[in-house]
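In what follows, a single structure is set out as C-alpha cells and then discussed.
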Amino acid sequence: MRYSNGFLEQLYQTMLRIRYCEESLVNPILDGRIKCPVHLYSGEEAIATGIGAALNKDDYIFGGHRSHGHYLAKGGDMNKLVAEIFTKVEGCSRGRGGSMHVIDPEVGMLGSAPIVGGTISLALGAALASSIRNDSRVTVSFFGDGATGEGVLHESLNFAALKKLPIIFACENNFYSTHLNIREIRVKEDIASLGIAFGIRNYKVDGNDVLKVYNVAKQSVDLCRSGGGPVLIEFVTYRLRGHVGPDDNIQGSHTDIRPKEELEKWLSKDPITRFEEKLNDKSLLPKEKIKEIKHKVELEVKSAIQFAEQSLEPKEGDITKYVFSE
Amino acid sequence: MFSQNRKLTYSLAINEALHQIMSKDKSVFLIGQGVKSPWYVGNTCMDLLEKFGEKRIIDTPVSENAMTGAAIGASLTGMRAIIVHPRMDFMLYAFDPIINQAANWSYMNGGKLSVPVVIWGIINRGGEQAAQHSQALQALLAHIPGLKVVMPSNAFDAKGLFIAAINDPNPVVFIDDRWLYNTEMVVPEDLFEIEIGKAIIRKNGTDVTLVASSYMVVEALKAVEELKEQNIKAELVDLRTIKPLDEDTILNSVRKTGRIVIIDGGWRSFGVSAEIAAVVSEKGFKYLKTSIKRVTLPDIPAPASNSLEQVYYKKASDIVEAAKSILT
C-alpha cells in the first residue's frame, strides 16, 4: 500500500502527541499535582493511532482505564484531557471523572470506564444503534487482555456475530492484567482465535507497527461499513509504564514486577522509534520535518499542562450537578 | 369515536404504550429475552414484532449483562432503548451496566452524555416459583444515585409511567408486578405521561396514612375498605415512583393523620419501607402520634411451598392489623 507523506506525517504526529502527553504526566503524578489514578498508554500508541486514522469523525469508540491515547487519536482536545486528569472544571468531564473517564462526544469518543470489559457491551449497543438506523457508522471497542476473563466479552462477541453488527473488538494485548502475566490468566496466549468460536473474522497483528495496525483497521472498518462485521483484532503490544502511574502497580509505590530483560526487549520495539527509523530509511519524512513536529508537539503538550494547572477546581456548590440530565 | 370509558388490562396498557410511542418516535426500540413470546412477557408485546419488525423488536440470547449494556450503549448514541427483563432475578447479571455504567454515566462525564434508557424488570411472585423467580428488588435499585425507579399499581399508571420513562433523558427502572397484569381499569386512548417523582392520594382519610406501591396498592385498597367498615378512615398514598421519593405527599398526609403504616412488596431490612420510615422520622416526627408500622416481606428468601407462600406474601388483613395496632 502507498501512503501520502501527509498521511505518514499525521500518523507520526498523533503517536508523538500521545507519547509526549503521557510522559508529561509523570512528574505531576510523582510530585502529587495529579492525584487520580493514571494508566499511561506509553508504548501502545500505534494501536490508537492506526485505528483512529481508519475511522471517520462520526464513528464511535469506547475505551477503558487506559484510554488517553484513544481519546487523542479520535480527535479529542488535549487541553480538556489534561485538565480532566488534573480533575479541573475545564476538563472533558468537568472534573467529575478524572483520568479513567475521558469523553468527547463531538468526535465520537463516547466514553471510557475502568470496570474491565464494562464498555464492551456499550460499544455493542452503539453498533446496534447504527444497524437499526442504517447510518453506516462503525464502532470500535478498546479493551485489554484482562477483559478476556469477563463473561460480557463473550456475550458481546456472540450477539455482534448474530446480528452482523458494525463493530471492531480491538483487544490490546500487553500481556499483563494489572500484575498478572497472561500465562497466569489463560491457558491459550492467543486471543484472536476466540473469534472462531463465535464465527467472527479475526486477526492478530503487531500492535507496535502503526502501518500494520492502520492496514488491518482500514480493512476491518470497510468491511463493517459494508455489512461484513463484526471483526475481532488482537494487537500484540506492551506498556512501557506500570499498570497505574509511571512504574507501579500501585500509583506511587514503584512496584513494577516485570522482568528487566522483558522491558528492554520491548523498548527496542518502541512503536514511535520504529516508525521514525522507517520514515528515515525510506526518506519519507525529512529529518528537519521530524524535528519540527517534535518541537510543535512539545509546545502543545506544555501548553496543555499549563492550561490544566491554571484551570479552576469544580465549585463545591456544584457537587449535585449532572447526577441527572434535566 | 373512542369510548371515554374504554377499559384495558394492565398488560395491554403497556402494549398500547409501546405501540403508540414506537409509532411516534423512531428512536425507540425494545430489546430483551422473550419479546417474541407471551410465555415471557404476557401480552405486553403483542403484535409489536409484526408492526415494527426485527430491527426494533429484538429477542435475544440469554445474555442479560451484554444485552442491558447494549441498550445503554445505544441510548448513548441518541436511541431510546427499552431493555426488558421478564424476571427481575435474571437482571442481577446486568448490575454492572445498570449501576456502574448507566447510573454513573452522566455524572462521571460531567453531563456530556445522558442515558435515556428504560430498564424494565418484571416481578413474578407466587406460583411456587421459589427464591430465584420472584424477587422484588426495587430497594437495591433505588439505593443507586443516578437511577429513577417507578412502580405502577394499575393499568392507567402503567401506560402513563411507561411513556414518561421512555421520554425521560435519564435511566429509569420500570418495575412491574405480574400479579397486576390482569387487573383492569379505564385507560385514556391517547399518549399521556404521568410525572415521575409524584405520588397520588388514592383514598382520603384522617385516622391513619397507608403508603404503598405496585401490587401492594391493590391489597391496601382492600384494607381501606375493611378499615372503613370498622369506622377507621385510612388515607392511602400510592407512591407511583419509588425514587425520587415524593416526600411532600407522604409528610402532608402524616401531618393530617399522625399515624403511618408503610407497605412494601420487598424485604423489611434496609428497604423502601425503612427509607420512608427514616424520612418521616427525620422530617415529620412532630406529626407522629405513635410509632411507625411496617408491612413487608420478612427477611427470608421466597419459599416454594404454597402453604409457606400464604404466610410469606402480605395481604390486606396484615395491613388492617398493622393499622389497628397503632390506633388502639
query = Tally time: how many residues in the stretch A:114-128 are more than 7 Å from chain B (Cβ to nearest Cβ), assigned to a loop (DSSP other than H, G, I, E, B) and within 13 Å of residue A:152 (Cα to Cα)?
reply = 3
remark   = Per the list (1) in the same structural domain as residue B:34 (by TED's automatic domain parsing); (2) surrounded by fewer than 18 Cβ atoms within 10 Å (Cβ to Cβ); (3) in contact (Cβ under 8 Å) with a residue 24 or more places away in the chain, residue check on residue B:170 breaks on (2)
task = Test residue B:57 against the criterion of being more than 10 Å from chain A (Cβ to nearest Cβ), in contact with a Cys (Cβ under 9 Å, 6 or more places away or on another chain) and among the hydrophobic types (A, V, I, L, M, F, W, C), and give yes or no.
result = yes
request  = Please find, among B:29, B:52, the residue that is modelled with pLDDT of 95 or more and within 7 Å of chain A (Cβ to nearest Cβ).
outcome  = B:29
query = Do we find a residue being more than 12 Å from chain B (Cβ to nearest Cβ), free of Cβ contacts under 8 Å to residues at least 40 places away in the same chain, in a loop (DSSP other than H, G, I, E, B) and under 30 Å from residue A:166 (Cβ atoms) anywhere in the stretch A:21-37?
reply = no
ask   = Looking at (1) more than 7 Å from chain B (Cβ to nearest Cβ); (2) under 16 Å from the mean Cα position of the chain (by Cα), which is the only condition residue A:103 fails?
value = (1)
ask   = Out of curiosity, is residue A:73 among the small types (Gly, Ala, Ser) and either facing another protein chain (nearest Cβ under 10 Å) or over 18 Å from residue A:20 (Cα atoms) (or both)?
value = no
ask   = So which residues in the stretch B:195-210 are within 22 Å of residue B:174 (Cα to Cα) and not in a loop (DSSP other than H, G, I, E, B), if there are any at all?
value = B:200, B:201, B:202
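Of everything in the stretch B:84-95, what is more than 10 Å from chain A (Cβ to nearest Cβ) and either aliphatic (A, V, I, L, M) or closer than 21 Å to residue B:161 by Cα (or both)? Give them in sequence order. Quick ask: steps written out before the conclusion?
Step one: filter the stretch B:84-95 for residues more than 10 Å from chain A (Cβ to nearest Cβ), giving B:84-92, B:95.
Listed by number, the residues that qualify are B:84, B:85, B:86, B:87, B:88, B:91, B:92.
From the list B:81, B:70, which residue is closer than 30 Å to residue B:184 by Cα and in contact (Cβ under 8 Å) with a residue 12 or more places away in the chain? Lay out the reasoning, then the answer.
Working: B:70 fails: closer than 30 Å to residue B:184 by Cα.
Residue meeting the stated conditions: B:81.
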task = Could you check residue A:326 against (1) within 14 Å of chain B (Cβ to nearest Cβ); (2) crowded, with 17+ Cβ neighbours inside 10 Å; (3) of a type in the set (D, E, K, R) and say which number it fails?
result = (2)
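Can you give me the number of residues within the stretch B:101-127 that are over 15 Å from the mean Cα position of the chain (by Cα) and more than 14 Å from chain A (Cβ to nearest Cβ)?
Step one: of the stretch B:101-127, the residues over 15 Å from the mean Cα position of the chain (by Cα) are B:101-117, B:126-127.
Subsequent filtering for residues that are more than 14 Å from chain A (Cβ to nearest Cβ) retains B:126-127.
Residues that pass the stated criteria total 2.
Among the candidates B:242, B:201, single out the residue that is more than 27 Å from residue B:328 (Cα to Cα) and either basic (Lys, Arg) or modelled with pLDDT of 95 or more (or both). First the steps, then the outcome.
Details: B:201 fails: more than 27 Å from residue B:328 (Cα to Cα).
The conditions single out B:242.
Tell me the strands (runs of 3 or more DSSP E) entirely within the stretch A:129-232 that contain at least 2 residues that are within 14 Å of chain B (Cβ to nearest Cβ) and modelled with pLDDT under 95. So that I can check it myself, show each step before the final result.
Working: elements: A:139-144, A:167-173, A:201-206.
Counting at least 2 such residues, we get no strands (runs of 3 or more DSSP E) at all.
On the given criteria, is residue A:82 within 18 Å of residue A:23 (Cβ to Cβ), of a type in the set (Val, Ile, Thr) and without any contact (Cβ under 8 Å) to a residue 60 or more places away in the chain? Give the steps one after another, and end with the answer.
Values: within 18 Å of residue A:23 (Cβ to Cβ): yes; of a type in the set (Val, Ile, Thr): yes; without any contact (Cβ under 8 Å) to a residue 60 or more places away in the chain: no.
The answer is no for residue A:82.
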inquiry  = Could you tell me how many of the residues in the stretch B:65-78 are touching a strand residue (DSSP E or B) at 6+ places or on another chain (Cβ under 9 Å) and surrounded by fewer than 24 Cβ atoms within 10 Å (Cβ to Cβ)?
reply    = 0
task = Kindly indicate which of B:114, B:134 is among the hydroxyl-bearing types (Ser, Thr, Tyr), out of contact with any Leu (no Cβ under 6 Å at 6 or more places or on another chain) and farther than 30 Å from residue A:36 by Cα.
result = B:134
query = Looking at (1) in contact (Cβ under 8 Å) with a residue 60 or more places away in the chain; (2) within 14 Å of chain A (Cβ to nearest Cβ); (3) surrounded by fewer than 24 Cβ atoms within 10 Å (Cβ to Cβ), which is the only condition residue B:98 fails?
reply = (3)
request  = Take the residues in the stretch A:143-155 that are surrounded by 22 or more Cβ atoms within 10 Å (Cβ to Cβ) and either in contact (Cβ under 8 Å) with a residue 60 or more places away in the chain or farther than 19 Å from residue A:190 by Cβ (or both), then tell me which one is farthest from the chain's Cα centre (by Cα).
outcome  = A:155
task = Please find, within the stretch B:138-167, the residue that is farthest from residue B:93 (Cα to Cα) out of those that are touching a strand residue (DSSP E or B) at 6+ places or on another chain (Cβ under 7 Å) and not in a helix (DSSP H, G or I).
result = B:154
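The values are calculated or read from the model by the stated rules, or taken from the named source; none is laboratory data. Remember, predicted model here, so these are calculated numbers, not experimental data. Glycine gets a Cβ as well: all are built from the backbone with ideal geometry, and neighbour counts include every protein chain shown.
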